[in-house]
């Protein structure tokens, strides 16, 4: 079934919200991440609402908090807003401590509905692919970009993959498992354990 004008609206909305943002340490426009996550969701059977939520999954956290979530609800409906809310680990600015935030998100993710798990898995898969590619390009200096550093970042991606696998898995989670295992191998192969 083809997408409707709602997706067009979400593309423009997401691009506008994240126009001035870039990916950590890379200078790559942030919107490329949103497009990649939406593509992963769409290519894995996601509905139009799930693809729209993938485009908007970082909007409350990075571009306006709860007020942004309510704007998304008004523009795109309760289902999209519910998925976006389920993918958001904080509305606070400044954000709470990193480790606590991630542990709370993992507990939430274990019980989250399937659409939230799909969008979250696609998000984490694209992030993990980027981390692995960047690690291969810059090596151990990569970890300075992340609040969790090397150990925390590797812990988090392994924990997300394990949590999603335990909550039902699926093709996106299977791919996430493979990429996380490759991240773990790559860091071990560099003589760091």
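The values are calculated or read from the model by the stated rules, or taken from the named source; none is laboratory data. Fair warning: this is a prediction, and the values are worked out from it, not measured in the lab. Note that we place each Cβ from the backbone using ideal geometry, even for glycine, and neighbour counts take in every protein chain shown.
Answer yes or no: is there a residue in segment 160-181 that is farther than 28 Å from residue 85 by Cα and more than 14 Å from the chain's Cα centre (by Cα). Yes, segment 160-181 contains a residue that is farther than 28 Å from residue 85 by Cα and more than 14 Å from the chain's Cα centre (by Cα). Being over 23 Å from residue 147 (Cα atoms) and crowded, with 18+ Cβ neighbours inside 10 Å, is that true of even one residue in segment 83-96? Scanning segment 83-96, I find at least one residue that is over 23 Å from residue 147 (Cα atoms) and crowded, with 18+ Cβ neighbours inside 10 Å, so the answer is yes. Looking across 136, 178, 158, one residue alone is exposed (fewer than 14 other Cβ atoms within 10 Å of the Cβ), at pLDDT 95 or above and farther than 21 Å from residue 61 by Cα. It is 178.
On the stretch given as segment 35-75, residues that are at pLDDT 95 or above and within 12 Å of the chain's Cα centre (by Cα) total 11.
Among the residues of segment 76-98, how many are at pLDDT 95 or above and either touching a helix residue (DSSP H, G or I) at 6+ places or on another chain (Cβ under 9 Å) or under 12 Å from residue 57 (Cβ atoms) (or both)?
Total meeting the criteria: 11.
Being touching a helix residue (DSSP H, G or I) at 6+ places or on another chain (Cβ under 7 Å) and in contact (Cβ under 8 Å) with a residue 60 or more places away in the chain holds for only one residue in 154, 118, 176, and it is 118.
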